[in-house]
Amino acid sequence: MTRVTNQGPLTGVRVIELAGIGPGPFAAMMLADLGADVVRVDRAGGGGFGSFPGDLLNRNRRSIAVDLKQAAGRDLVLALVTDADALVEGFRPGVTERLGLGPDDCLAANRRLVYGRMTGWGQDGPLAQRAGHDIDYLALTGALHGVGRAGERPVPPMNLLGDFGGGAMMLALGVVSALYAVRAGASGQVVDAAIVDGVSLLATQIHALRGVGLWQDRRGVNLLDGGAPFYDTYECADGRYVAVGALEPQFYAELVRRTGFRPDPDGATDQDDMDRNDPANWPALRAAWARLFRTHTRDEWTELLADTDACVAPVLDWAEAPEHPHLRAREVFVAPDGVRQPAPAPRFSATPTAVRRPPPGPGEHTDEVLAEAGVDADRIAALRDAGVIG
């Protein structure tokens, strides 16, 4: 792969990642995308942590393979920690402590270290030691209750809301914030990022709306959960869908004008006679919009409403999305070495980010990283013979 030399805003920051699954790798990917030198510590002897060859979550970093259950392996990681700015891990509470790589161990080796921890339930509390996955954390926070159609069961929003939104994004923000504090003179510290904390925080607006009586606990009946007919998806004549987000009155008026919408098939009821802001009218309006959108294909509606403020967009599938003209113009997807993937985000005018490295194989950079840390070739060979490194 051609190495890209762009210097992101975290260039010069060294991060040690103890390999895990899901939100931990995504947080590490974000730090690496921003320019940090992230060294992923994979398991010696193969057998990863739910990863797979070419896993894009592992891009932009180097990998060493170490047996953390051996004292010599632990000592290698502590040696790397000595010169690192941050460490991120995603094990259950107490696992790294038992390995001799907990916060106390690592902060003793480097008092300025930022120690980032990623869990679902958090480092403490009655459920801290229990297993769980994205859907479980969403269930406990109320977020899962709010996703779905009225009168139907809750719908899992993939694992984007919990693992990646409420978990990994919060961990990445926490690590960067703590690094900033250290640069300003603070001591190193532990960042406890829990998915239940992050998802609850993401739902702040919903709690605010509930507090003033503008959000019902029943799902699928509210302004932003598919209850409002002007904020929903509709099937078109070809079985594909459009998304309608005409929340503001002026955008809804534009949508009505451009489509020629009438609340009833005969046109006997004028739009002005049916207040869209009255939830009592929403079922009739939804039925009318559904009838109208079924009269043309998705792409016909897209063309008709292009270059307007009607707030209608085609619902694209995974293959279509990268080909959309707007996403292509912004280079939202890139294809280094022909591997299409989302580009790093956000964008920086003076310190541009880039996909600099493909996902490494476990242990691909073991010799390179250890040599940088001052471990000579004979010692590396002896560690490999002993099964400490791979």
| task | State the answer as a single residue: which of G361, S200, A321 lies farthest towards the positive end of the charge dipole of the chain, with beta carbon charges of +1 for Lys and Arg and -1 for Asp and Glu, about the Cα centre. | result | G361
| Computed FRET efficiency, Cβ-Cβ of Q7 and Q70, R0 51 Å: what is it to the nearest 0.05? | 0.90
| Out of M158, I16, L224, whose Cα points farthest toward the positive end of the dipole of the chain (charges: +1 Lys, Arg; -1 Asp, Glu; placed on Cβ)? | I16
| query | For the chain, what is the charge dipole size about the Cα centre, in debye to the nearest 20, if Lys and Arg each add +1 at the Cβ and Asp and Glu each add -1 at the Cβ? | reply | 620 debye
| Who wins for biggest fluctuation among Q123, Q341, Q250 in a Gaussian network model of the chain, springs between alpha carbons below 10 Å? | Q250
| What residue among G146, G338, G174 has the largest mean-square fluctuation in a Gaussian network model of the chain, using Cα springs under 10 Å? | G338
| request: Compute the acute angle (0 to 90°) between the alpha-carbon long axis of helix 169-183 and the principal axis of greatest extent of the alpha-carbon atoms of the chain; round to the nearest 10°. | output: 50 degrees
| note | Check: C-alpha center segment 154-187 vs C-alpha center segment 356-374, spacing in Å is 25 Å
| note | Full extension between E303 and L201 adds, at 0.36 nm per residue less the Cα distance, a length in nm of 32.9 nm
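For M170, M118, what's the fewest-to-most ordering of other Cβ within 10 Å of each Cβ?
Ordered from fewest to most neighbouring Cβ atoms within 10 Å, M170, M118 come out as M170, M118.
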| Per-pair calculated FRET efficiency, R0 = 25 Å: W318 and R14 via Cβ, rounded to 0.05 | 0.15
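How high is the FRET efficiency from Q129 to Q250, r the C-beta distance, R0 41 Å, rounded to 0.05?
0.20
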| query | Which distance in nm do the two modelled labels at A79 and H145 give, with both placed 7 Å along the Cα-to-Cβ direction? | reply | 5.3 nm
| query | Angle between the Cα long axis of helix 71-82 and the longest principal axis of the chain, 0 to 90 degrees, nearest 10? | reply | 70 degrees
| query | Roughly what % antiparallel, to the nearest 5, for the DSSP beta bridges in the chain? | reply | 30 percent
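With charges only on Cβ, +1 for K and R and -1 for D and E, what is the dipole size of segment 109-196 about its Cα centre, in debye, rounded to 20?
Dipole about the Cα centre, nearest 20: 300 debye.
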| said: Using only the alpha-carbon atoms, how far is helix 23-33 inclined from the longest principal axis of the chain? Give it as 0 to 90 degrees, nearest 10. | reply: 80 degrees
| message | Taking 0.36 nm per residue of sequence separation and subtracting the Cα-Cα distance, how much length would be gained by fully extending the chain between A181 and D275, in nm to one decimal? | response | 28.6 nm
| task | Could you size up the charge dipole of segment 301-390 around its Cα centre, putting +1 on the beta carbon of Lys and Arg and -1 on that of Asp and Glu, and report it in debye to the nearest 20? | result | 160 debye
| Zone of A243 (label point 7 Å along Cα→Cβ, backbone N under 15 Å): which residues in segment 210-237? | 224-227, 230-235
| field | Alpha-carbon Rg with Dmax, taken over the chain, Å | value | 25.4, 89
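Net charge near P154, counting Lys/Arg +1 and Asp/Glu -1 over other residues with Cβ under 14 Å of its Cβ?
-1
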| request: Using the number of other C-beta atoms within 10 angstrom as an exposure proxy, rank C311, C106 with the fewest first. | output: C311, C106
| note | For D385, the net charge from surrounding residues (Cβ-Cβ under 13 Å; K, R +1; D, E -1) works out to 0
| task | Quick one: among A28, A343, A319, which has the greatest mean-square fluctuation in a GNM of the chain with alpha-carbon springs under 10 angstrom? | result | A319
| Got a sec to turn the phi values of segment 241-256 into Karplus ³J(HN,Hα) couplings, 6.51 cos²θ - 1.76 cosθ + 1.60 with θ = phi - 60°, whole Hz, x for Gly and Pro? | 10, 10, 9, 10, x, 7, 5, 6, x, 5, 6, 5, 4, 5, 4, 4
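Every read-out reported here was derived from the displayed coordinates using simple, explicitly stated rules and does not represent laboratory data. Note that the structure is predicted; figures quoted are calculated from it, not measured. Cβ: placed from backbone, ideal geometry, glycine included. Neighbour counts: every protein chain shown.
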